[in-house]
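*Asks:* First the structure, which I've put down as structure tokens, then a few questions once you've had a look.
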């Protein structure tokens, strides 16, 4: 058993962990990065990048099929599933390699490989080969997909948001459990690639939308893209041949059907169990996660910080990267005996890369808030009609004094409008000041101008 010591121990070499390690080193302390594998970040390996590669192929197939609406006949469209999946994996592997290549450059004294388990508030055991003592630690262990109870025991018939990118051929039919951002993206992509797709979710929302009007619009839009069952809970699953037979009940009654494969896309719980947190003195919530300050990321009861998906707060890459930097800098401060800093949080920004896209800024619709609401629809917006993508709308929410507080959008390429609105909310811009900006014609941004004008009138 080797005995080692450092100022800062960073557990997990994903987006948050890599950022934390670099920040700690930049702060001038001795930092060690621990990874049990396979590494490469959730985003590059099983998240952002492979899903967008799949979505891009699906969009190409959809646009080819829909070209006749513009007077262009491309004939029959054939999807080569194995080729689509092979390209996705090849480019995915390049992204992962780029991440791992950066880690390979770290000196051996800065890296440890193995599963890290806390022995106490200042000590970690890495597998059975190293005991590492630290002055502060960053917990950046990420998350893993969950499999609902009815699907357990179905073996290869069940895909997760990790394993779905490893399939070599497209299934003939697919049930997707979960209508959140990941479930919605993958369901629509699979449907456009020719897979008979059904989506089940016990809630009444798609992609994290909360505004009642936009929820209704999204439900109408996406029910035309695949077989949609909102308000439905899958209660049973059984092997049937090479497929899985699911039974469900909900607002539409009960149903039963056999699918080639089932995709569990109902969430990714944090990887915080079984790592000895109870030995550290950290206060734990009812789910076993550390109680922590969302600004400093410091856990209550020990010099341990938690960043990225591990804290289950805002599981998106830009937040994980920033949280990693904050946690790394604060870990260095704690190691020197200084107090942790508490920087202001960014405005919440979430997106779904479906078609139409979905974006939620500042937490979106809040039924308890006394917000003024500005509305605009893309259904009759000039540029959206030109693009043959006239669907969805914009909802802006402002405080009584005119400051933009939040927004929700469903529409073509709203990822760009969402950034503008996030910056405006972050800077506390007044609606009239934001309205007094150039809006070029004809652009989708004119839809934002319409919503701002509506809001300013209120």
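*Asks:* Suppose the chain between residue 436 and residue 80 were pulled fully straight at 0.36 nm per residue; how much longer would it get relative to their current alpha carbon spacing? Spell out each step's value before the answer.
*Replies:* On the way: separation 356, 0.36 × 356 = 128.16 nm, distance 4.90 nm.
Gain in length upon complete extension: 123.3 nm.
*Asks:* At 7 Å along the Cα-to-beta-carbon direction for both residue 415 and residue 127, put a label point, then send me their distance in nm to one decimal.
*Replies:* Computed distance between label sites residue 415 and residue 127 equals 3.8 nm.
*Asks:* Per residue and in Å³, how big is the convex hull formed by the alpha-carbon atoms of the range 349-456? Let's see the in-between values first.
*Replies:* Numbers: hull volume 9.0 nm³, N = 108.
Convex hull of Cα atoms, per residue: 84 Å³.
*Asks:* If you take the C-alpha gyration tensor of the range 149-264, multiply each eigenvalue by 5 and take the square root, what semi-axes do you get, largest first, in whole Å? Don't skip to the answer; put the middle values down first.
*Replies:* Details: eigenvalues 102, 53, 28 Å².
Working from the Cα gyration tensor, I get semi-axes of 23, 16, 12 Å.
*Asks:* In addition: Just order 127-138, 239-250 by mean Cβ neighbour count inside 10 Å, highest at the front, would you?
*Replies:* Values: 127-138: 20.0, 239-250: 16.7.
My ranking of the peptides, most packed first, is 127-138, 239-250.
*Asks:* Right, next: Just to be sure I understand the model, the point goes 7 Å from the Cα along the line to the Cβ. What's the resulting residue 423 to residue 64 distance in nm?
*Replies:* 3.7
*Asks:* Helix 445-456: angle to the longest alpha-carbon principal axis of the chain, degrees 0 to 90, nearest 10?
*Replies:* 90
*Asks:* Taking only Cα atoms of the range 252-293, what ratio of Rg to Rh do you get with Rh as the Kirkwood inverse-distance radius? Mind dumping the intermediate values first?
*Replies:* Numbers: Rg = 18.1 Å, Rh = 14.1 Å.
Ratio of gyration radius to Kirkwood radius: 1.28.
*Asks:* Per the Kirkwood formula on distinct C-alpha pairs, the Rh of the range 254-387 is how many angstrom?
*Replies:* Answer for the range 254-387: a Kirkwood hydrodynamic radius of 18.7 Å.
*Asks:* Could you tell me the center-to-center distance, by alpha carbons, between the range 289-309 and the range 159-218 in angstrom?
*Replies:* 32
*Asks:* I need two numbers for the range 1-45: Rg to one decimal and Dmax as a whole number, Cα atoms only, in Å.
*Replies:* Final numbers for Rg and Dmax: 11.4, 34 Å.
*Asks:* Let me ask something additional. Where does helix 181-192 land angle-wise versus the long Cα axis of the chain, in degrees 0 to 90, nearest 10?
*Replies:* 50
*Asks:* Here's a follow-up. On average, how much area does the Cα convex hull of the range 30-113 cover when viewed from any direction, in nm²? Working shown, then result.
*Replies:* Numbers: hull surface 29.0 nm².
Mean shadow area of the hull around the Cα atoms is 7.2 nm².
*Asks:* Further question: Provide, as a two-decimal number, the C-alpha radius of gyration of the range 1-155 over 2.2 N^0.38 Å, N being how many residues it has.
*Replies:* Numbers: Rg = 21.7 Å, N = 155, 2.2 N^0.38 = 15.0 Å.
Working it through for the range 1-155, the quotient is 1.45.
*Asks:* Using only alpha carbons, build the gyration tensor for the chain and give me the equivalent ellipsoid semi-axes, biggest first, whole Å. It would help to have the intermediate numbers written out before the result.
*Replies:* Values: eigenvalues 300, 178, 85 Å².
Largest first, the chain gives 39, 30, 21 Å.
*Asks:* To the nearest 10 degrees, how steep is helix 317-335 against the longest Cα principal axis of the chain, on a 0 to 90 scale?
*Replies:* Roughly 20 degrees, rounded to the nearest 10.
*Asks:* Provide the convex hull volume over Cα atoms per residue for the range 169-223, in Å³. Could you put the intermediate results ahead of the total?
*Replies:* Values: hull volume 3.7 nm³, N = 55.
About 67 Å³ per residue, rounded to a whole number.
Bear in mind these aren't lab numbers, they're just calculated from the coordinates by the rules spelled out. Everything quoted here is computed from the prediction, not taken from an experiment. Virtual Cβ from ideal backbone geometry, glycine too; neighbours counted across all protein chains shown.
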